[in-house]
Amino acid sequence: MKELIIGGARSGKSALAESRAAASAHRVLYVATATPGDPEMAARIVHHRARRPADWHCVEEPLRLADTLRELAIPTTCIVVDCLTLWLSNLFFAGQAAQQAESGRLIDCTLLREQVDALLATLPGLPGQLVLVSNEVGCGIVPMHPVSRLFADEQGRLNQRVAACCDQVTLVAAGLPLTLKSPRTAQ
């Protein structure tokens with residue numbers, strides 16, 4: 001079973017993903033994509049770590065998510081990936097996409113495209129349970145800055161493509177889950 005949980009900032013999506021994992025009958029592996037780039041992000045990471053049970057194994061992977069999932073996924077695991085938005089941001093700034101969008105030049109998103117394509121090729125064949133967390137960034141206004149617009153576009157495309165690969169998609173708002181796609185409704 002593969003589930004995508006999407007929602008806005010502080011919507012409760014990570015808590016829902018963690019509760020899904022805790023309710024599974026599997027060993028839980030937590031794949032964290034965040035990097036502590038500033039004190040505020042470092043504090044967020046500490047908060048997330050403190051919430052997780054001590055017996056959950058955590059792997060930090062900011063870029064090569066598909067490789068990590070292929071390595072870790074077995075039928076008796078539940079893997080939580082938190083979150084695809086930070087992973088995409090890491091790819092965005094590790095490659096040339098952000099710099100090129102900033103300068104107004106032709107955009108070369110090679111690293112981003114390679115890693116997103118690798119993830120999408122990997123998802124269907126992964127054994128075990130997988131819970132992916134991602135931000136829904138398309139509900140607000142169109143960002144003014146070119147880098148922000150490009151990121152919002154890429155995040156929306158990523159969410160659509162991952163949702164198509166998942167058995168279940170859940171939107172979280174105000175801590176309340178809304179099922180958008182389930183095995184009963186998937187076509």
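Each value in this text was obtained by applying a stated rule to the coordinates, not by laboratory testing. Remember, predicted model here, so these are calculated numbers, not experimental data. Counting neighbours? That spans all protein chains shown, and the Cβs are built from the backbone with ideal geometry, glycine included.
Each of T179, T33 was scored by other Cβ atoms within 10 Å of its Cβ. Arranged with the fewest first, they read T179, T33. Summary value for the range 112-187: 22 percent relative contact order, contacts being C-alpha pairs under 8 angstrom separated by 6+ residues.
What percent do you get for the relative contact order of the chain when only Cα pairs under 8 Å and 6+ apart count? Answer for the chain is 34 percent. Within the listed set P177, P146, P39, the residue fluctuating most in the Gaussian network model of the chain (springs between alpha-carbon atoms under 10 angstrom) is P39. Taking other Cβ atoms within 10 Å as a rough exposure proxy, C83, C139 sort from fewest to most as C139, C83. Couplings 3J(HN,Hα) for the range 112-119, derived from phi with the Karplus relation 6.51 cos²θ - 1.76 cosθ + 1.60 (θ = phi - 60°), are 4, 4, 4, 6, 5, 4, 5, 4 Hz, where x marks Gly and Pro. Distant-in-sequence amide contacts of V28, defined by a placed amide H-H separation under 5 Å and a gap of 5 or more residues or a different chain, comprise H57, C78. Can you give the FRET efficiency to the nearest 0.05 for A118 and D167, using r as the Cβ-Cβ distance and R₀ = 25 Å? E between A118 and D167, to the nearest 0.05, is 0.75. Here the extension length gained between L72 and R49 equals 6.3 nm, from 0.36 nm per residue of separation less the Cα-Cα distance. Under the convention that each Lys and Arg Cβ holds +1 and each Asp and Glu Cβ holds -1, the size of the dipole of the range 10-181 around its Cα centre is about 380 debye. Here L176, L132, L171 are placed in order of increasing Cβ neighbour count within 10 Å, fewest first, which gives L176, L171, L132.
Annotation: amide H-H contacts under 5 Å for L132 (H modelled 1.01 Å from N, sequence separation of 5 or more, or interchain): E3, L4, I5, V81. Antiparallel beta bridges, as assigned by DSSP with both residues in the chain, represent about 15 percent of the total such bridges. For the chain, the residue among W87, H57, L130 whose Cα projects farthest onto the positive side of the dipole built from Cβ charges is L130.
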